[in-house]
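Take a look at the structure below.
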Amino acid sequence: MLVVNGQFPGPTIYVHKGDTVFVNVHNHGDSGLTVHWHGVKQPRNPWSDGSAYITQCPIEPGHNFTYEVVFSEEEGTLWWHANSDWTRNTVHGAIVIYPPHGFSYPFPTPAGEQILILGTWFTYDVNKVIKEILRTGKDVPVSDAYIINGQPGDFCACSKEMAYRWQVDYGKTYLIRLVNALMNEEFFFAIAGHDLIVVGIDGSYLKPFTTSYVMLSNGQTMDVLVKTNRSPGRYYMAGRQYYTDNLFFTGYDKTNASAILEYRGKYDRLSSPFFPEKLPSYTDYDSATQFRKRLKSLASKEHPIDVPRNVTTQMYITASMDKIVHNFSAYMDYTLLSSLNNISWVNPSTDVLQAYYRNLSGFYTLDFPDEPPYYFDFVADLRDDSTHPLKGTKVKVLEYGEEVEIVFQSTNLLNASDEHSMYIHGHKFYVLGEGYGNFNSTRDTETYNLVDPPYLSTASLPVKGWLTIRFKANNPGVWAMHCQEGRHLIWGMNTVLIVKNGSNPETSIRTPPPNMPSCASYPSIHKALEVSAE
């Protein structure tokens, strides 16, 4: 498998709020890749966002590229990962962002901290399989296990007695930095016998609350405190998938990934560790929903919130699984797709950012719709797909400073409604509300939280439900907006937001670095530039 610096998970990047970090990525693999800094805003700097075919073309084997990662408002835990097909399954690591020098956490300084990266394990080179799937349009494989810091843990024979271990002292408070780096799944996590105090998410602080478990959307990060006040012994830190797809399918990965929290001192180490009694079951919708409802921004003087109140752009976006049927002379076949507002994204031959910055036509169009082409009962049992999705490279253009509201609506086309982890590059957003069923603009808007909504970069769109977010388009550039789950992303549940420049250089895209990776169509770009110069 492809790894970074011989490590799996990859190395952690440690910074303070406001730092800038330069990361030189040398590609010694056998295919092109990019690296993305998940949840990092990158003010005016889309050139280092690392979104394949959107802000750059891949770094080809034998080549390198230096990313300039600009940290601005983020504080807490984020992560980095490859952003090309499923390469991120093994190319990823944590980012720890400490408070600015001279400042402290908005909670008592912990006695220590631990990074726990939740991941997906395949017993073969899954990237080769994904390449074939992209060619045929068939479904993606089910993982062989889930892992914590590279190990499935004691419930898998291959890693029995090799579970990741974390030693602690009695009577302390520790900070755990959780990263959901799984390819497709939301994940429940709990520690046997210990409550968790949630204090941060996606690089922002929350009003602290105590819980027996947490649920992380795909791609989310979370900061939690744990007090080691139990009888000295060994306790499982365990997680399992939160499964929201078709319940008639039972072949999903039921691995209980585990690591061990063990107290220092003298006690019986022969007995098995305790397992979390309150870890929710795989399909516990209520536990997932109730947990998300408790997420509220800290909203303090040092960490103010600014919920947009003067919305200038409203979008209603359906997220769907689709298929295109091919009628061959001897048989019929189909290709699986996913879409936003009935548009399934197609990567251009040159990244959108280069084409936009250099005013080149033919690589994308400006007509991503603000609403779906058809309105119907989106959450009904719809076993067939009669919406005929379109494949295209369509983007949405926003003026600098616009205040945007998006209602995401999950559909049940193909009877395949699933939880979606919606993610926007280059911006964070406030989650005003969520619910099950079709969104009702009269009833559901009355439930919005405009006082202290969570400030996220990745949020869950509930299965057969809706999600409302707001953000200010104040970061000029080209930014992807998509479902973070790998299977939906490679099938096209993606679009691009282009935020235009503001009125001065400080609100405009920076000039590109001189060493951007080349694209296959770059010769034609250079020719076009020469013609325009003439």
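The values are calculated or read from the model by the stated rules, or taken from the named source; none is laboratory data. This structure is a prediction, so every number in the text was calculated from the model and none was measured. Every residue, glycine among them, receives a Cβ derived from its backbone with ideal geometry; neighbour counts consider all protein chains shown. Side chains are part of the model used for accessible areas, which takes the heavy atoms of the whole protein and leaves out ligands, DNA and RNA. Shrake-Rupley method; radii C 1.70, N 1.55, O 1.52, S 1.80 Å.
Note down the relative contact order for the chain as a percent, whole number, built from C-alpha pairs under 8 angstrom at least six residues apart.
15 percent
Can you find, among Asn412, Gly203, Thr445, the residue farthest towards the positive end of the dipole of the chain? Put +1 on the C-beta of Lys and Arg, -1 on that of Asp and Glu.
The residue sitting most towards the positive pole is Gly203.
Any lysines with Cα under 21 Å of the Lys293 Cα? List them, leaving off those in the same chain fewer than 8 positions away.
Within the straight-line limit of under 21 Å, Lys293 reaches these lysines: Lys207, Lys278, Lys428, Lys464.
Determine the shape class of segment 1-124: with a ≥ b ≥ c the square roots of the Cα gyration tensor eigenvalues, call it rounded for a/c under 1.5, and otherwise prolate if a/b is greater than b/c, oblate otherwise.
oblate
List the cysteines in the chain whose Cβ has no other cysteine Cβ under 4.7 Å from it.
Those would be Cys156, Cys158, Cys483, since no other cysteine Cβ in the chain comes under 4.7 Å of theirs.
Considering the values (1) -0.79, -1.40; (2) -0.92, -1.50; (3) -0.83, -1.17, which represents log10 I(q)/I(0) by the Debye sum over Cα atoms at q = 0.10, 0.13 Å⁻¹ as calculated for the structure under consideration?
It is the one labelled (1).
Please give, to one decimal in nm, the separation of the simple spin-label points placed at Leu270 and Asn504, each 7 Å out from Cα toward the Cβ.
Spacing of the two 7 Å Cα→Cβ label points: 7.5 nm.
With an 8 Å Cα cut-off and a minimum separation of 6 or more residues, compute the relative contact order for segment 375-453 in percent.
Reported as a whole number, the value is 36 percent.
Length gain on complete extension for the stretch Ser441 to His388, per 0.36 nm per residue less the alpha carbon to alpha carbon distance?
Stretched out fully, the Ser441 to His388 stretch lengthens by 16.4 nm.
For Met1 and Ser104, what is the calculated FRET efficiency with R₀ set at 51 Å and r taken between the beta-carbons, to the nearest 0.05?
About 0.85, to the nearest 0.05.
Test of understanding: extend the Cα→C-beta vector of Asp169 to 7 Å, then name every residue of segment 175-202 with backbone N under 16 Å from that spot.
Flagged as within label range: 175.
Quick one: dipole size for the chain, taken about the Cα centre, charges +1 on Lys/Arg Cβ and -1 on Asp/Glu Cβ, in debye to the nearest 20.
980 debye
Sort the following peptides by mean Cβ neighbour count (other Cβ atoms within 10 Å, averaged over residues), highest first: 228-241, 42-55, 126-139.
42-55, 228-241, 126-139
Would you mind getting the accessible area per residue of the chain, heavy atoms of the protein chains only, 1.4 Å probe, in Å²?
41 Å²
If you take every DSSP beta bridge whose two residues both sit in the chain, what share of them, in percent to the nearest 5, is antiparallel?
Counting DSSP beta bridges with both partners in the chain, the antiparallel share is about 75 percent.
Using 7 Å Cα-to-Cβ label points, what is the Glu277/Ser349 separation (nm, one decimal)?
Going by the 7 Å Cα→Cβ label model, 6.4 nm.
For the chain, build the charge dipole from Cβ charges (+1 Lys, Arg; -1 Asp, Glu) around the Cα centre, then report which of Phe291, Tyr164, Met222 sits farthest towards its positive end.
Tyr164
Full-extension gain between Tyr357 and Thr312, please, as 0.36 nm times their residue separation minus the C-alpha to C-alpha distance.
13.7 nm
Relative contact order of segment 83-181, please, whole-number percent, based on alpha carbon pairs below 8 angstrom and at least 6 residues apart.
38 percent
Can you tell me how segment 313-519 classifies by the Cα gyration tensor, rounded, prolate or oblate, using a/c under 1.5 as the rounded cut?
Because a/c hits 1.5 or more and a/b fails to exceed b/c, segment 313-519 counts as oblate.
Rank-order 173-185, 506-518 by packing density, defined as the average count of other C-beta atoms within 10 Å over each peptide's residues, highest first.
173-185, 506-518
Can you order the peptides 66-77, 303-314 by their average number of other Cβ atoms within 10 Å per residue, highest first?
66-77, 303-314
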